[in-house]
Amino acid sequence: MDAASAARPPEPEGAVIATRGLTKRYRGGQLAVDGLDLTVPAGSVFGFLGPNGSGKTTTIRMLMGLITPTSGTARVLGSPMPGAGRTVLPHVGALIEGPALYGHLHGRDNLLRYDAADPTADPRTRRARVGAALDRVGLTAAAGKKAKAYSLGMKQRLGIACALLQPRRLLVLDEPTNGLDPQGMREIRSLVRELASDGTTVFLSSHLLDEIEQVCTHAAVMARGRLVTQGAVADLAAGARGRLTVTTPDTAEAAGVLKDQGAADVVTDGDQVTAEPPARDLAEVNAALVAAGVRVRGFGVRRASLEDAFVALTGEGFDVAG
Amino acid sequence: MSRAETVATAPPPVRPSPLWTLGLLRSELLTTLRRWRTLALLGVLAAVPVLVGVAVRIETGGSPAGGGPEGGGGPAFIAQITNNGLFLVFTALAATLPFFLPMAVGVIAGDAIAGEASAGTLRYLLVAPAGRTRLLLVKYTTTVAFCVLATLVVALSALIAGAVLFPLGDLTTISGTRITFGEGLLRALLIALVVAASLIGVAALGLFVSTLTNSGIAAMATTVGLLITVQILDQIPQLHAIQPYFFSHYWLSFADLMREPVYWDDVLRNLGVQALYAAVFGSAAWARFTAKDITA
């Protein structure tokens, strides 16, 4: 531990994942993760956001003991990684950078193999647990097919089933809905909620912001290897202000009235005029519009989304995200 | 929000079953044997003795004892095949040991870690968590098991082909003494095991190469390339000072097991060289694999 990370505050009690000054510099000199202080509260559904190359995957690999940090510490379930991997990892189910399967084995045999690799898995209950995991992701009917014949969505489901072979205390799901159709996405999201309600902490990385908003209680945003922000999703979204939106055929007049009422950054787009809401009762703003003869079809404040928060924080759109 | 009450503390101690390593080994053996590639390699190895037997049979016109001592200049045993089908076992092992057998072992060993890495399955085995040292041990054990299996496939295929194409019976050792067919079979089994043990060095070398790359094909090609290079260097007289350290230098010493009494010196030297390779490259593979960042 270097001097900088030694001076950092102690990690909070009850954190399922806690990193202090976690840094990874690859051999080429590229700094992939830079001084990360991440805290994932127990029982949370934690969304992990960031564009491509922001260091999310490197972070997840360090948490799973696949990559050794250059400096800093990572604790998972209270124990240091990668040192305590043998005792920690049986309690962790993981889907990392998409599923990886043995194409020449059947779906069921893939799970049997991964379960055989877990020293704590009881061989006597193996078949039953594999059957239950397949059932949970809706793959029972396809369990006898070779994995190379699976569609991307089926592979993804099998990868999630692999993470569910045992009761877990932490699930790390990297892009779990990748390749799934909308129905499959809904199923996986309700599965995540169900698991979380059983007390499992879920660490979920995704590039779909609305997905994070729908299922996550907490979130962290990474950009260029650094942690931009972390906290409860509601707080993050509240950090970005919503926009006042007026729908009207009389856009020019409406824009003028809004400016007079103290609204900033007035933008006209089609039959909509949006602006930063002024610091006064919006009912009065509406009354002023009507008094000025503006025919108002719609009036309201569009709630700030996580995407607004993300753009405000990173200064970039989410098009490049992965 | 009752779930927030779940407090993370150190996980309760898990109780690993002492037999779980065997479970992983069993899984590894089954996974390897169910690969089409493995079956194809074994099929090729099984075909070699049949081809040799048929060729000898055709060349001698099917008349027993027609080969004569000149016998085509092949391995020392080939001339005797027509007298006794058991000699096809020795001939087939002598024919496959320089290339076919080590190539097959090189493919399996090279694929061991790098193949899992390129398929991405390595990261899931490691977070299962299989444990790096244990996974490496399981991989090496599987490769050695394949050495034995591949050698036995050659020997059994040769025995069956020899029994079908040629007469069986008491046989003459290289030293000229007669031994019974039963004792001959035992010698054949012993030779097969020594041949299998001769492949341990290549297996360790291949496993080490396999830890260096994330491409299974690259690891296989490098291992087979090294195999060919060493075989060529072993033929260059100027290098005779270092040749005793080549893993292939004493390979054909297994013929000494057909002497009466058995001449053990070179056989033991061969086993010593194999043990040395296993120790050196096994340690190197371990050092590399346990410190490696798994980025695939």
Study note, to complete from the structure: Amide H proximity to A:F203 below 5 Å, modelled H, separation 5+ or other chain, gives A:F46, A:L171, A:V172, A:L173
Revision key, fill the gap. Here the averaged projected area of the protein assembly as shown, based on the convex hull of its alpha-carbon atoms and given in nm², is 37.7 nm²
Practice item. Give me D for the stretch B:21-291 in µm² s⁻¹, whole number, from Stokes-Einstein with Rh from the Kirkwood sum over alpha-carbon pairs, 10 °C and 1.306 mPa s. Key: 82 µm²/s
Check your understanding: Can you work out ³J(HN,Hα) from phi for every residue in the stretch B:235-247, in order, using Karplus 6.51 cos²θ - 1.76 cosθ + 1.60 and θ = phi - 60°, giving whole Hz and x for Gly and Pro?
Key -> 9, 8, x, 4, 9, 4, 5, 9, 4, x, 9, 6, 5
Exercise for review: Enter the mean number of other protein chain beta carbons within 10 Å of the beta carbon of each residue in A:87-96, as an integer.
Suggested key: 5
Review point. Can you give the Rg to Rh ratio for the stretch A:240-314, taking only C-alpha atoms and Rh from Kirkwood?
Key: 0.99
Check your understanding: How crowded by other chains is A:265-274, given as the mean number of beta carbons from other chains within 10 Å of each beta carbon?
Key -> 0
Exercise for review: Report, to two decimal places, the Cα Rg of the stretch A:1-157 normalised by 2.2 N^0.38 Å (N = number of residues).
Suggested key: 1.21
Revision key, fill the gap. Phi angles of the stretch B:85-90, converted by Karplus (6.51 cos²θ - 1.76 cosθ + 1.60, θ = phi - 60°) into ³J(HN,Hα) in whole Hz with x for Gly and Pro, give x, 4, 5, 5, 4, 5
Review point. Quick one: helix B:181-198 against the long Cα principal axis of chain B, what's the angle to the nearest 10°, folded into 0 to 90?
Key: 40 degrees
Check your understanding: Can you tell me the Rg and the Dmax, both Å, for the Cα atoms in the stretch A:114-169?
Key -> 11.3, 32
Exercise for review: Compute the normalised compactness of chain A: alpha-carbon radius of gyration over 2.2 N^0.38 Å, N being the residue count.
Suggested key: 1.20
Point to revise | Once the Cα gyration tensor of the stretch A:32-123 is diagonalised, semi-axes √(5λ) in Å | key: 26, 17, 13
Check your understanding: To two decimal places, what compactness ratio does the stretch B:105-161 give when its Cα radius of gyration is scaled by 2.2 N^0.38 Å?
Key -> 1.42
**Study point:** Packing-based ranking, highest mean first, of B:214-221, A:141-148, B:109-116 given that Cβ atoms within 10 Å are counted
**Key:** B:109-116, B:214-221, A:141-148
Exercise for review: Tally the DSSP beta bridges in the protein assembly as shown and give the antiparallel ones as a percent, rounded to 5.
Suggested key: 70 percent
Practice item. Compare A:L111, A:L244, A:L165 in a GNM of chain A, Cα atoms joined below 10 Å, and give the one with the largest fluctuation. Key: A:L244
Practice item. For the stretch A:3-238, give the share of DSSP beta bridges that are antiparallel, in percent and rounded to the nearest 5; count only bridges with both residues there. Key: 55 percent
Review point. Hey, what's chain A come to in accessible area per residue, 1.4 Å probe, Å²?
Key: 41 Å²
Review point. What residue among A:A121, A:A18, A:A283 has the largest mean-square fluctuation in a Gaussian network model of chain A, using Cα springs under 10 Å?
Key: A:A283
**Study point:** Solvent-accessible area, 1.4 Å probe, carbon plus sulfur percent, for the stretch A:3-238
**Key:** 52 percent
Point to revise | B versus A: buried accessible surface, summed, Å² (probe 1.4 Å, to nearest 100) | key: 3800 Å²
Practice item. Measure off 7 Å from each Cα along the Cα-to-Cβ vector at A:R25 and B:I232, then give the distance between these two points in nanometres to one decimal. Key: 4.2 nm
Review point. In whole Å, what are the Cα extents of the stretch B:86-224 along the three principal axes, biggest one first?
Key: 58, 26, 25
Study note, to complete from the structure: Inter-chain shielding metric for A:59-66, i.e. average beta-carbon neighbours from other chains within 10 angstrom, reads 3
Check your understanding: Once both axes come from the Cα atoms, what is the angle between helix B:36-59 and the longest principal axis of chain B, in degrees from 0 to 90, rounded to 10?
Key -> 0 degrees
Exercise for review: Determine ³J(HN,Hα), in whole Hz, for all residues of the stretch B:147-159 in sequence, where each value follows from phi through the Karplus function 6.51 cos²θ - 1.76 cosθ + 1.60 and θ = phi - 60°; x replaces Gly and Pro.
Suggested key: 4, 5, 4, 4, 5, 5, 4, 4, 5, 5, 4, 5, 5
Check your understanding: Can you tell which of B:A47, B:A55, B:A241 shows the greatest fluctuation in a Gaussian network model of chain B with Cα springs below 10 Å?
Key -> B:A241
Review point. Tell me, what is a quarter of the convex hull surface for the C-alpha atoms of the stretch B:162-296, in nm² with one decimal?
Key: 11.3 nm²
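The values are calculated or read from the model by the stated rules, or taken from the named source; none is laboratory data. Computed from a predicted model, the values in this text were never measured in an experiment. Neighbour counts run over all protein chains shown; Cβ positions are idealised from the backbone, glycine included. In case anyone asks, the SASA skips ligands and DNA or RNA and just uses the protein heavy atoms, side chains included. Shrake-Rupley method; radii C 1.70, N 1.55, O 1.52, S 1.80 Å.
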